[in-house]
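The values are calculated or read from the model by the stated rules, or taken from the named source; none is laboratory data. As the structure is a prediction and not an experimental result, all values here were calculated from the model. Using ideal geometry, Cβ is built from the backbone for each residue, glycine included, and neighbour counts are taken over all protein chains shown.
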Amino acid sequence: MHLNSALIFRNLTEGIILLDETGRITTCNAAASAITGYEETEIEAKPFYTIGDGQDDPIKYRYELDQVQKKKKFVVEGWKLRKDHTRYWAETSYSLLFDDAERFAGYCVLLRDITDQKKKQLDLLESEERYRLMVEAIRDYSIFMLDPEGHVLTWNDGGTFIHGYTENEIVGKHFSVFYPATDQLDEKPKEKLQVARDAGSYREEGWRVKKDGSLFWASVVLTALFNERNVLIGYSKVTRDLTHRLKDEEVLRQSEARYRSLVEQVGDYGIFMLDTKGRIVSWNEGARRIKGYSAEDVIGKYFSIFYPEEDILNGKPAWELKVARSSGKYEEEGWRLRKDGSRFWANIVITSVYDTEGRLSGFSKVTRDLTERKMSEQALQESSDKYRQLAEELSVTNSELSSVNRELEQFTAIVSHDLKEPVRTVRSFLHLMDQQLDQQKFDLLKPSIGKGILAAQRMHELIDNLLHYSQLSKIGLQRQKLKVDEVIGEAIQNLNDAVEQSGAEIRVESEVQFIYGDRIQLVQLFQNLLANALKFTNGLTPEVKVKSWMENGSVRFVVEDNGIGISPENLEKIFEIFRRLHFVSQYPGNGVGLAVCKKVVERHRGRIWAESAQNRGACFHIMLPKI
Amino acid sequence: MRTFRLAIVENDEDERYFMSEAFRSSREFEILGEFANGDQLTEWLHGSPGELPELVLSDLNMPGKNGYDIIDELKVTYPDIAVFATSTSSVVATRERCMRAGAKDFIAKPDIFIAYDSFVAELYLLACRYLG
């Protein structure tokens, strides 16, 4: 196939439109039709601007053609409309056409649809613009560009805000103006650019100077910028004013230092920190004093070294941390070990420590040595126990003394009254006899002498009884294991005469075999009770029952008779010494028998009381402790 | 001359004899009854005698109801009757116990019971003071 210019024209993939000298379209190729959407026949002989931007702007078109005439070639970019009225970004290249005779013959227009390229370019522009605006608007950071030598190329609001310079004051100046004079002398700015260039970036915190000469603590990042050919095109510099943070940190650091020195110097409390695993991370003076370990001894060790072996075997340290972890706190008192192995009584509080995000960062542990306090508490307790015991003993002694005193008082009253009475009677009759002698009434003497003798006899008996009674409290109690049957048998034996005279029937039904006590006194007790049972009858043959059984760990005796009984108001009085309910002429006696019974029972730490129903006899009850 | 209606409670027969003899010879007292203990006295009182005594002179230590029982009982049953206690004891505690229980007064018995004259005179003075 012979390739001529017409074929080339038709097959070219670039859109080509040919115009005549006046600018009218003479022809176009297929590629041009594809771009514009117009067939060749539709646009033939029409001015080129009809396939322009839809504005039919012959003036602008004329201008463009003139430019071609002047420059031989002219390229414009702009929106054009397709036949279907959609837009495309067109690159239009005009060039001149000459015929064989070198005469101007028209224009050749190269038309390219560069909408996609243009869009990318626009997007890039847009994003760069956004980025620029963003950088410029940032106030907390000074962000600017330096050229390779270090001159400021761009500026943002943050720069103005932090450094104090406006954009037109600083652009073009060398960035060393931000450094203090000493740094400038040391050529630090230059060094830093070098570092950034070599390493890609350079970061530091340090003092910088504001426009007004004041210093601020800056965090600086200097980044070297290279183009695609790896040629240094400059630097970006981001600066942040950290003066406030520094102040805060300084305050915090000072407060922490104060707190740490406070904690470290506390001597009475062991205060230390544990990590989450229970390893010791800090140590104070108090801990050293209480536990005897130095910081070097314990830092990094598990806190279980303070626990006695059985606690460790029981997993107590770990359990305490578990409690502290779950409930925030664990508190207890217990024995702990010092370095030398000695024990001390500790009050401990383990508290969970959390970081600002609420994560467990460890535990604080406060330990107090309460050994001395415990010891003094115990000593106090012991001494108070001792004193209480003493007080109790004293109180017992006191009540014993009071009862002895009461007995003494009673004794005095008895001596002064009951013993005085017969003496007085004897004296009275002696005086009477004296009178009778004076009056020579000899016949009256005999009865007076008889009454005097009776009174003396009564006095003798009273003294005997009184001595007997008082002996009961004096003589030490002989505690022996006694057969109940033998004791009661002996009492009955002693009353043999009375039993025979009265024809009494005495039945003994003892369930208890043994009692512990003083044989003589217990025989006396039963003898007196039985004697009364035989004596206070109203003519009937006495029937007496003696019973015993165990009751609540005590031995209970009952002596029951069928005699005259005792009226309710006298049930307690009968145990008073020298108390008699009846005249001697009716029921002889001296009012000592039941008083003796009561005393014997009380000396055996027991209880005695009487019960009596109308005309049903009397019933004496005795409770004695088994031992 | 004011005379007082009197009941005597004394268990010792001889004592009681000399005591009542002294009261009679003084002519200042009219003896309504003589008793050996409190049981006999109250039995007599409950038997509605024609006249009630204005005062009761009672020994303290007696079989059955003693002097203290009489003071306690009459305080409730015959509050108008003044009870005077007597005893050979001159222990202060005894006197105080009687007064606390409600006795009008306490007079110690004479050393020997054939010398009741001054005792009678003392009781007369006390009776006049308390009963008018």
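Of note:
- A:Leu525 vs. criteria closer than 19 Å to A:Asn615 by Cα, of a type outside the set (Gly, Ala, Ser) and more than 60 Å from the chain's Cα centre (by Cα): no
- A:Val487 vs. criteria farther than 25 Å from A:Met623 by Cβ, assigned by TED's automatic domain parsing to the domain that holds A:Phe578 and assigned to a helix (DSSP H, G or I): no
- Residue in region B:42-65 that is nearest to the chain's Cα centre (by Cα), counting only those that are in a helix (DSSP H, G or I) and within 14 Å of another protein chain (Cβ to nearest Cβ): B:Thr42
- Single condition A:Lys598 does not satisfy, out of (1) in contact (Cβ under 8 Å) with a residue 24 or more places away in the chain; (2) away from chain B (no Cβ under 14 Å); (3) assigned to a helix (DSSP H, G or I): (1)
- Meets criteria (part of a loop (DSSP other than H, G, I, E, B), free of Cβ contacts under 8 Å to residues at least 60 places away in the same chain and more than 13 Å from chain B (Cβ to nearest Cβ)) for A:Gly563: yes
- Within region A:45-63, the set of residues being assigned to a loop (DSSP other than H, G, I, E, B) and either of a type in the set (Gly, Ala, Ser) or closer than 15 Å to A:Gly78 by Cβ (or both) comprises A:Ala45, A:Gly52, A:Asp53, A:Gly54, A:Gln55, A:Asp56, A:Asp57.
- Matching residues in region B:75-132 - criterion: being over 14 Å from the mean Cα position of the chain (by Cα), of a type in the set (A, V, I, L, M) and within 14 Å of chain A (Cβ to nearest Cβ): B:Val76, B:Val91, B:Val92, B:Ala93, B:Ile112, B:Ile114, B:Ala115
- Verdict on B:Ile114 being touching a Leu at 6+ places or on another chain (Cβ under 7 Å), in a loop (DSSP other than H, G, I, E, B) and under 25 Å from A:Pro422 (Cα atoms): yes
- When A:Glu421, A:Glu409, A:Glu400, A:Glu393 are checked against the criterion of being of a type outside the set (A, V, I, L, M, F, W, C), closer than 30 Å to B:Arg16 by Cβ and loosely packed, with under 14 Cβ neighbours inside 10 Å, A:Glu409 stands alone in meeting it.
- Count of region B:1-41 residues which are surrounded by fewer than 21 Cβ atoms within 10 Å (Cβ to Cβ), part of a strand (DSSP E or B) and of a type outside the set (Gly, Ala, Ser): 6
- Residue tally, condition under 16 Å from B:Phe119 (Cα atoms), without any contact (Cβ under 8 Å) to a residue 24 or more places away in the chain, within 14 Å of another protein chain (Cβ to nearest Cβ) and over 12 Å from the mean Cα position of the chain (by Cα), over region B:1-41: 1
- A count restricted to region B:67-99 and to residues that are of a type in the set (Gly, Ala, Ser) and touching a Cys at 6+ places or on another chain (Cβ under 8 Å) stands at 2.
- Within the set A:Asp464, A:Asp443, A:Asp434, the sole residue that is surrounded by fewer than 14 Cβ atoms within 10 Å (Cβ to Cβ) and within 14 Å of another protein chain (Cβ to nearest Cβ) turns out to be A:Asp434.
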